[in-house]
1. Can you name the residue in segment 24-33 that is within 14 Å of PRO74 (Cβ to Cβ) and open to solvent by less than 70 Å² (accessible area, probe 1.4 Å) and, of all such residues, is modelled with the lowest pLDDT?
2. Taking segment 1-23 as the search range and keeping residues that are closer than 30 Å to HIS72 by Cβ and at pLDDT 90 or above, which one is surrounded by the fewest Cβ atoms within 10 Å (Cβ to Cβ)?
3. Those residues that are farther than 17 Å from GLY79 by Cβ and open to solvent by less than 50 Å² (accessible area, probe 1.4 Å), I need them from segment 97-117; list them, please.
4. Is it the case that ARG21 is among the charged types (D, E, K, R) and touching a Pro at 6+ places or on another chain (Cβ under 6 Å)?
5. What do you reckon, is LEU66 in contact with an Asp or Glu (Cβ under 7 Å, 6 or more places away or on another chain) and over 22 Å from ARG18 (Cβ atoms)?
6. Just give me the residues in segment 34-68 being buried (at least 20 other Cβ atoms within 10 Å of the Cβ) and not in a helix (DSSP H, G or I), in sequence order.
7. If you go through segment 100-112 one residue at a time, do you hit one that is in a strand (DSSP E or B) and either modelled with pLDDT under 90 or out of contact with any Asp or Glu (no Cβ under 8 Å at 6 or more places or on another chain) (or both)?
8. Quick one: which residue in LEU9, LEU14 is outside any helix (DSSP H, G or I) and over 23 Å from ASN111 (Cα atoms)?
Amino acid sequence: VDGEEIAGLGDKALTRLRRDRLGFVFQAFNLVPVLSAEENILLPLTLAGRKPEREWFDRLIAGMGLGDRLSHRPDELSGGQQQRVAVARALVAKPSVVLADEPTAALDRDNAASLMDQLAALARESGMAALVSTHDQRCLDRVDRVIRLENGALS
């Protein structure tokens, strides 16, 4: 990952790698219910004992349209807002690679397109790679490269 061989890394090094250099967007959001949207977004940095880069954080919040929702807990957010919080959380630490599992599954057509456009723009801006698994053709229309997995074979 990012030029580093990871096959021989121990548990602590793998934990640091996942925390610092990989961002994850889960289909089921995996937000912490007792934390606000802002606290959920900042969670990877909090666990690492780091402060957010304010300009990057502000860019994420604006890009995801979450400015007025930061104090809300997940149960006070729509599914689409929860997914945008999850995407912002995956990007906040500026990881080398973002892995996204069906990031638009809970979104309507317009919000899905907006989310994918923002994810692509933010990834390009910060130099990260975004790997997206999806069945959504609208997502595929917005990416640089498509690799298909069909019947266990890559094409």
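The values are calculated or read from the model by the stated rules, or taken from the named source; none is laboratory data. All values derive from a computational prediction rather than experimental measurement. Cβ: placed from backbone, ideal geometry, glycine included. Neighbour counts: every protein chain shown. Note: areas computed on protein heavy atoms with side chains; ligands, DNA, RNA excluded. Shrake-Rupley method; radii C 1.70, N 1.55, O 1.52, S 1.80 Å.
1. Looking only at segment 24-33, we keep the residues that are within 14 Å of PRO74 (Cβ to Cβ), and these are 26, 28-33.
Within this subset, residues satisfying the condition of being open to solvent by less than 70 Å² (accessible area, probe 1.4 Å) are 29, 31-32.
Details: PHE29: 86, LEU31: 96, VAL32: 97.
My answer is PHE29.
2. The first filter runs over segment 1-23 and keeps only residues closer than 30 Å to HIS72 by Cβ, leaving 15, 18-23.
Okay, now just the ones that are also at pLDDT 90 or above, so 22-23.
Numbers: LEU22: 18, GLY23: 26.
Ranking the qualifying residues of segment 1-23, first place goes to LEU22.
3. Hits for segment 97-117 are VAL97, VAL98.
4. On the way: among the charged types (D, E, K, R): yes; touching a Pro at 6+ places or on another chain (Cβ under 6 Å): yes.
Spelling it out, ARG21 is indeed among the charged types (D, E, K, R) and touching a Pro at 6+ places or on another chain (Cβ under 6 Å).
5. Details: in contact with an Asp or Glu (Cβ under 7 Å, 6 or more places away or on another chain): no; over 22 Å from ARG18 (Cβ atoms): yes.
Against the criterion (in contact with an Asp or Glu (Cβ under 7 Å, 6 or more places away or on another chain) and over 22 Å from ARG18 (Cβ atoms)), LEU66 does not qualify.
6. So in segment 34-68, the residues buried (at least 20 other Cβ atoms within 10 Å of the Cβ) come out as 37, 40-42, 44, 60-61, 63-64, 66.
The answer is LEU66, and nothing else.
7. At the first step, the residues of segment 100-112 found to be in a strand (DSSP E or B) are 100-101.
Checking which are either modelled with pLDDT under 90 or out of contact with any Asp or Glu (no Cβ under 8 Å at 6 or more places or on another chain) (or both) leaves us with 100-101.
Scanning segment 100-112, I find at least one residue that is in a strand (DSSP E or B) and either modelled with pLDDT under 90 or out of contact with any Asp or Glu (no Cβ under 8 Å at 6 or more places or on another chain) (or both), so the answer is yes.
8. Details: LEU14 fails: outside any helix (DSSP H, G or I).
Going through LEU9, LEU14 in turn, the sole match is LEU9.
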